[in-house]
Amino acid sequence: MNRFKLLLCRHNSCSLTARIWRPALFSLLFCLACSPLVTEFAEVEEAVLYTAARSQNHPAVDTLTVMTWNIRFGAGRQIPWFGDSCGDRVILTENEVLAALQAIAEQINLFQPDILLIQEIDIKSKRTAYIDEVQWLLDHTSLSYGAYASMWEAQYVPSDGLGRINTGSAILSRWPLHHAERIQLPLRGDQDALTKYFYLRRNILKAKIEIPGHADLWLLNIHADAFSTDDTKHKHIIRFKDELDKLAAAGAAFIAGGDFNMLPPGSDSTDFCDEDRCPDEHFHGPGDNPFHKEGSCYTPERDWLNDIYATYLCSVPLDEYQANPSRYFTHATDRHAAWDRKIDYLFSNKPWLAEGSQTHQQLINLSDHVPVSARWVVPR
Amino acid sequence: MKTPPPFRLHVAQLTLLAVLIFAADAALLAAGPAKDPWFSSANGSARILTRGRWTAGIFQPLRHGISDRIELSAHPLLFPLLPNFSLKWSHAPSGPWLIASRHIFYDPTPLLRLLRRKGTGGIVSPEFEIPNMGAWTSELLVTRPLGSTHLVTLKAGITLCLFRSSALDSRTTIDLPLVFPRLQPFYQGYSWRSGIEGMGRLYRRWLYLVDGDLFFTPGGDENWALEHKGMLLWDKSGKVQLGAGYKLTWGEYPFGTQWHLLGPLIDLQWGWGGR
């Protein structure tokens with residue numbers, strides 16, 4: 001994701017040619033298109049609803065299997081994509097994307113989650129052969145209903161050949177979803193206006209699920225900011241918790257989760273600059289600017305999840321995590337390395353089934369994140 | 001992806017043209033030819049510049065009438081990045097119909113290689129190689145004056161990929177209006193193009209220009225694109241013409257069918273020399 005910042009020429013690295021051509025290109029694109037190049041969203045707007053080609057009716061259940069998974073837009077883990085793994089790949093082939101989606105669908109069908117919270121899923125992006133991955137997964141798994149909220153929708157991203165993009169988060173479910181909303185999160189506060197215009201628009205995806213016999217159950221999916229160097233991430237988690245508090249105060253039950261891009265409180269290691277650096281990068285040395293790699297130093301934010309842990313129930317209780325952190329790691333940026341941090345979570349205001357939680361670390365090649373699943377007792 | 005039947009659209013275009021011609025014919029045919037140097041040499045028509053006349057515009061090509069039957073043109077601003085030239089050749093008229101053929105060569109290689117880059121301005125991913133490529137377009141232009149103040153032109157042609165030094169990865173497409181259909185011959189080998197154009201005088205120095213073009217590329221998943229342009233032109237004199245308008249596009253892209261309204265289009269043309 002660091003390469004998104006290359007949308008603009010920064011520092012002193014612009015050649016004369018770049019100084020002339022880049023503004024000219026932007027001007028041309030702005031002049032040509034009457035419709036905006038980048039979609040901006042209202043504070044709250046309706047999410048996009050999906051139904052599988054062959055949807056099934058599912059009976060009421062006593063427990064739900066819930067899973068959250070950042071699927072890296074169907075790129076698998078081993079493709080060295082330029083934006084997140086020091087690679088040089090930009091546009092994947094249709095076969096690469098379909099193979100990755102097929103592998104993901106096989107695992108979904110194996111674990112049989114009733115509810116799946118997905119982050120980084122593309123619906124109409126050049127980088128993933130314009131495959132609508134939400135529809136594809138619905139059509140190739142036992143999940144029947146979906147809701148989608150975009151975090152980055154642009155007719156054309158004139159950088160690195162990315163082109164058209166529409167990527168975001170989704171909730172997939174066996175039961176119909178209603179009142180699906182996309183709730184806008186604050187934009188990064190550490191970017192200039194033009195970079196911010198082309199950058200990601202993080203959000204919370206919220207939907208009500210219609211399980212027979214349970215009238216007031218809500219699902220929330222967040223993909224919080226990854227690279228901000230100010231308090232943007234903190235604002236995201238505060239906004240997320242506000243939404244949970246409102247539901248709890250109204251007497252509703254909720255299952256909330258996603259990719260928080262934050263470590264659990266009490267993590268013994270909070271600086272991953274060395275683990276995440278590309279071969280030509282150097283950090284923590286005298287004169288290194290920036291001193292930390294963007295998005296890799298979690299030290300200032302080590303307490304930002306305290307409040308949500310204190311108020312709600314995590315599928316992996318904090319004491320269990322702190323007793324054996326590596327067992328619950330969900331992510332690594334180095335595609336050859338072992339999982340080295342936990343940034344994916346499931347929370348609820350109702351109890352999780354004891355011993356029902358899993359961090360699927362054996363899935364080493366399907367994404368740069370592993371899914372986290374848990375079983376949840378349906379309140380009556 | 002649903003494809004509206006392009007041939008039906010084309011038939012609709014031609015029907016509209018026929019109605020336009022025959023309805024106006026009786027009222028306007030008696031009048032003589034226009035004397036205005038801009039009107040009498042409209043770029044999209046079968047008319048050519050008079051010998052020795054030059055015209056140039058910001059977005060229009062540099063044109064030169066080298067004889068009473070041949071006109072050469074090229075886009076000078078684009079030339080370093082998109083080498084191109086065009087020859088328009090006037091043939092013997094058939095009754096009220098003026099007939100010309102236009103032959104165009106263009107080489108997008110330098111432009112695509114410039115746009116293939118990391119970072120800002122990277123329209124094509126740097127992971128792909130851009131081969132040496134060139135295309136040739138030949139089209140027939142048939143123009144009929146409607147009285148002294150209107151011209152209607154029918155055009156049809158084919159664009160062939162003339163050479164390509166190696167395969168061009170299908171992921172290098174630039175999925176933008178205007179660009180996507182014009183680069184299709186390099187992926188599919190050839191494409192057809194047809195269209196109509198109407199031009200005429202509205203009042204004194206004010207002229208209009210409307211056109212519609214259909215690009216049809218057999219064999220690909222994205223077959224067709226329609227473009228329509230409307231311009232209001234003001235002849236300041238025989239030497240300067242100003243224009244403003246819009247362009248509407250509708251076509252198939254790898255992500256589906258979409259329309260775009262592009263504009264405002266602003267152009268300024270100069271003309272000099274000639275009889």
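Can you find, among A:Ser267, A:Ala249, A:Leu318, the residue sitting farthest towards the positive end of the charge dipole of region A:233-361, where Lys and Arg contribute +1 and Asp and Glu -1 at Cβ? The residue sitting farthest along the positive end of the dipole is A:Ala249.
Please work out the Cα convex hull volume for region A:323-374 and give it in Å³ per residue. Please report the intermediate quantities before stating the final value.
Values: hull volume 4.4 nm³, N = 52.
Hull volume over Cα atoms, normalised by residue count, gives 85 Å³.
The calculated P(r) of region B:140-224, using every Cα pair and 5 Å bins from 0, goes 3, 13, 19, 17, 13, 10, 10, 8, 5, 2, 1 in percent.
Size descriptors for region B:64-115: radius of gyration and Dmax over Cα atoms are 14.7, 48 Å. Think of each Lys and Arg Cβ as +1 and each Asp and Glu Cβ as -1; about the Cα centre, that makes the dipole of chain A roughly 680 debye.
The rule of thumb for compact globular proteins, 2.2 N^0.38 Å, goes into the C-alpha radius of gyration of the protein assembly as shown 1.16 times. Working note: Debye formula, equal point scatterers on the alpha-carbon atoms of region A:271-349, no solvent; log10 I(q)/I(0) at q = 0.17 Å⁻¹ is -0.79. Relative contact order, whole percent, for region A:192-321 stands at 22, derived from Cα pairs under 8 Å and 6 or more residues apart. Here chain B was treated as a single set of alpha-carbon atoms; its pair distances binned every 5 Å from 0 give 1, 5, 11, 15, 19, 17, 14, 9, 5, 2, 1, 0, 0 percent. In chain A, the DSSP-assigned H stretches of four residues or longer account for a calculated mean residue ellipticity at 222 nm of -6500 deg cm²/dmol, using -39500 (n - 2.57) per stretch and the full residue count as denominator. For region B:196-236, a Kirkwood radius taken over Cα pairs fed into Stokes-Einstein (25 °C, viscosity 0.890 mPa s) yields D = 204 µm²/s. For chain B, adding -39500 (n - 2.57) for each run of n ≥ 4 DSSP H residues and dividing by the number of residues yields -4500 deg cm²/dmol at 222 nm. Build a GNM of chain B with springs between Cα atoms under 10 Å apart, and of B:Ala46, B:Ala167, B:Ala56 the one that fluctuates most is B:Ala167. In the protein assembly as shown, taking the dipole from charged Cβ atoms about the Cα centre, the farthest positive-side position among B:Trp270, A:His58, B:Pro218 is held by B:Trp270. Restricted to Cα atoms, region A:232-292 shows a radius of gyration and a Dmax of 17.7, 54 angstrom.
Which value, in debye to the nearest 20, gives the size of the charge dipole of region A:57-196 about its Cα centre, when Lys and Arg are +1 and Asp and Glu are -1 at the Cβ?
Values: 11 positive and 17 negative charges, 36 e Å.
My answer is approximately 180 debye.
Each part gets one Cα centre, and for region B:88-109 versus region A:127-166 those centres are 45 Å apart. Note that region B:128-275 carries a Kirkwood radius of 17.3 Å, evaluated over its alpha carbons pair by pair. Placing unit charges on the Cβ atoms of the charged side chains and taking the dipole of chain B about its Cα centre, the candidate lying farthest along the positive direction among B:Leu242, B:Met199, B:Ser86 is B:Leu242. Scaled against the 2.2 N^0.38 Å expected of a compact globular protein of N residues, the Cα radius of gyration of region A:148-206 reads 1.33. Computed over the alpha-carbon atoms, region A:111-234 gives an Rg to Rh ratio of 1.01, Rh here being the Kirkwood radius from the mean inverse distance. Peptide packing for A:138-146, A:119-127, A:234-242 was compared via the average number of neighbouring C-beta atoms within 10 Å per residue; ordered from the highest value, the list is A:119-127, A:138-146, A:234-242.
Dipole magnitude for the protein assembly as shown: computed about the Cα centre from +1 point charges on Lys and Arg Cβ and -1 point charges on Asp and Glu Cβ, it is near 3520 debye. The convex hull of the Cα atoms of region A:205-324, projected and averaged over all directions, covers 9.4 nm². Note on chain A: Rg/Rh from Cα positions, Kirkwood definition for Rh, rounded to two decimals, is 0.95. Relative contact order of region B:126-275, taken over Cα pairs closer than 8 Å and 6 or more residues apart, is 16 percent.
Here the Debye sum runs over all C-alpha atoms of region B:30-171 as equal scatterers in vacuum, and log10 of I(q)/I(0) at q = 0.09, 0.12, 0.19 Å⁻¹ comes out as -0.37, -0.60, -1.09.
Over all orientations, region B:48-93 has a Cα convex hull whose mean projected area works out to 3.3 square nanometres.
Tell me the angle of helix B:179-188 to the major Cα principal axis of chain B, expressed in degrees between 0 and 90 and rounded to the nearest ten. Computed tilt is about 60 degrees.
Within 10 Å of the Cβ of each residue in A:129-141, the mean number of Cβ atoms contributed by other protein chains is 1. The trypsin sites (Lys or Arg not before Pro) of region B:43-76 that meet both conditions, a loop assignment by DSSP and at most 15 other Cβ atoms within 10 Å of the site Cβ, are B:Arg69.
Can you tell me, using C-alpha contacts under 8 Å and at least 6 residues apart, the relative contact order of chain A as a whole percent?
Numbers: 823 pairs, mean separation 70.5, N = 380.
RCO, chain A: 19 percent.
Both radii are taken from the alpha-carbon atoms of region B:209-275; with Rh as the Kirkwood radius, Rg/Rh is 1.17. Please report how far the C-alpha centroid of region A:43-87 lies from that of region A:221-244, rounded to the nearest whole angstrom. That distance is 20 Å.
If you wrap region A:51-159 in the convex hull of its Cα atoms and look at it from every side, the mean projected area works out to 7.5 nm².
Values quoted throughout were computed directly from the atomic coordinates according to the rules given, and no laboratory measurement underlies them. Keep in mind it's a predicted model, so treat the numbers as computed, not measured. For neighbour counting, all protein chains shown are included, and Cβ atoms are generated from backbone atoms with ideal geometry for every residue, glycine included.
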